[in-house]
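Note sheet for the following structure.
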Amino acid sequence: MEVLEVRQFLYRFKFVLFVSFLFIAFVPSLLVALYQLPVDSSYITATFMEFRSTGKVPHFHSGIDFSTFLKEGVPIKAVANGFVRRLEIDLDNIYGNTIVLEHLDGYRTLYAHLSQFAEKYEKLANMLREEFGAKRIVVEFLSDDWKVSAGEVIGYSGKTGEAAQPHCHFEVRDKEEKNIYDPMDFIDKSLLKPVQMEIILKSLIIDGKEYSYSENATYEFSGTYPKIAVETYTELAKNLLGVKEIKLYFSGDLVYHIILDRLPMEYWEKPYSLYDERTVMTALIYRGYYKLYSDESLPYIKVNRVKDYNMSSYKVVLEMSDAFGNVGKFSFNVQRR
């Protein structure tokens, strides 16, 4: 549904929306304060840029998930002062019912899978549903009249969209929504519920063959250089979460380095640029293999020198870290077959 139709509808029902066509440029500045949590005393159940095969096409998980303890109706709160920029009224889209806020630092935050919006927004949503039926309705607010304060309830947890269980999906985007950022770089992590965690390395894929990982073991490769993919996670309670940074060393030299802190929107449907084709994500299984080689120049690759080495054997060291500050270091050997 076009935004113009929504404006006409709001006018007929005497909702006053001050529409401004004056463009004000916001340049994202350095954060003065960390964001609050959208869910009180919660913990993270999914991290930024994990693989997802739900929806019409495979894609990256473009935010983080906060537990609402398997409950619908848990209050979802604004993480900082700002104003409402958009409502998405939809039960079946990937995100389900969604609210987007814009903040004074120039960033936008997105809250998805809501069972319903806060009262004043839910009234508007219900009127639109009555007018247009069970369709996807997107309402854009071009002014900053619908202000919100940090900690204000903006909606309630649910499982609309592709969510299997009630939770809060949370994203941070730039003002133009061309880039998505790791929300863990923005939130106050000290507010998270303490949960025991560690980084684990479960298995390797080397030149297409899968191996269980064993410390200091020797594996064979046959190409001009070893094409390595790693199945690694942060193990948090019963959840396996994606990591944030991986460094690959060949015989002491850093040859590959990825940092998963920013995702340009045009890469959202290109998860195989990061993950091996054997990556699997279902309701019960998640096996994510990060590729540590690439022919592409990708925004998250900081060092790519794997092809510069043509030796018959390598001492391989992997350093993985996550957004919580955990670090894992693993080593093994590869020998040309």
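The values are calculated or read from the model by the stated rules, or taken from the named source; none is laboratory data. Because the structure is predicted, anything quoted here is derived from the model rather than measured. Here Cβ is always computed from backbone atoms with ideal geometry, including for glycine, and neighbour counts include all displayed protein chains. Each accessible area value is taken on the protein alone, full model and side chains, heavy atoms only, with ligands, DNA and RNA left out. Shrake-Rupley method; radii C 1.70, N 1.55, O 1.52, S 1.80 Å.
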R0 of 25 Å, Cβ-Cβ distance Glu277-Leu298: FRET efficiency to nearest 0.05: 0.90
Rounded to 10°, Cα long-axis angle of helix 119-132 versus longest principal axis of the chain: 80 degrees
Over the chain: helical MRE at 222 nm, DSSP H runs n ≥ 4 each giving -39500 (n - 2.57), nearest 500: -2000 deg cm²/dmol
Spatial separation of Cα centroids for region 226-245 and region 154-190, in angstrom: 21 Å
Inter-part distance where region 252-298 and region 34-102 are each reduced to a Cα centre, Å: 22 Å
Helix 3-12 axis, angle to the chain major axis (alpha carbon atoms, nearest 10°): 30 degrees
Using θ = phi - 60° and Karplus 6.51 cos²θ - 1.76 cosθ + 1.60, couplings along region 55-66 (whole Hz; Gly, Pro as x): x, 6, 9, x, 7, 7, 6, 9, x, 10, 10, 9
Under 5 Å, built H, 5+ apart or other chain: amide partners of Asp322: Lys244
Note, ³J(HN,Hα) from phi for region 195-209, Karplus 6.51, -1.76, 1.60, rounded to Hz, x at Gly and Pro: 9, 5, 8, 7, 8, 10, 10, 8, 8, 10, 10, 10, 6, x, 9
Under 5 Å, built H, 5+ apart or other chain: amide partners of Arg305: Tyr256
Eligible lysines near Lys209 by straight Cα distance, threshold 25 Å, same-chain separation 8 or greater: Lys227, Lys244, Lys247, Lys270, Lys291, Lys307, Lys315, Lys329
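Ignoring ligands, DNA and RNA, what percent of the accessible area of the chain is carbon or sulfur (1.4 Å)? Please list the in-between numbers first.
Working: 8240 of 15880 Å².
The value for the chain is 52 percent carbon and sulfur by accessible area.
If you put +1 on each Lys and Arg Cβ and -1 on each Asp and Glu Cβ, how big is the dipole of the chain around its Cα centre, in Debye rounded to 20? Write out the running numbers ahead of the final one.
On the way: 40 positive and 46 negative charges, 64 e Å.
Its charge dipole is roughly 300 debye.
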Peptides 42-48, 115-121 ordered by average Cβ neighbours within 10 Å, highest first: 42-48, 115-121
Label of the coordinate-derived value, Cα Rg over 2.2 N^0.38 Å, listed as (i) 0.98; (ii) 1.10; (iii) 1.30: (ii)
Unit charges at the beta carbon, dipole of region 68-213: most positive-side option, Val172, Ile94, Val138: Ile94
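Starting from the Cα-Cα distance between Ser149 and Arg262, subtract it from 0.36 nm times their residue separation and give me the gain in nm to one decimal. Walk me through the intermediate numbers first.
Numbers: separation 113, 0.36 × 113 = 40.68 nm, distance 2.63 nm.
Length gained between Ser149 and Arg262: 38.0 nm.
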Amide H contacts of Ile180 (H built 1.01 Å from N, under 5 Å, at least 5 apart or other chain): Leu263, Met265
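Mind scanning Lys202/Lys302; Lys123/Lys159; Lys120/Lys238; Lys135/Lys193; Lys135/Lys159 and naming the pairs with a C-alpha gap bigger than 29 Å? Numbers along the way, then the final one.
On the way: Lys202/Lys302 24 Å; Lys123/Lys159 20 Å; Lys120/Lys238 37 Å; Lys135/Lys193 37 Å; Lys135/Lys159 17 Å.
Going by Cα-Cα distance, Lys120/Lys238; Lys135/Lys193 fall outside the 29 Å limit.
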Accessible surface, the chain, averaged per residue in Å² (probe 1.4 Å): 47 Å²
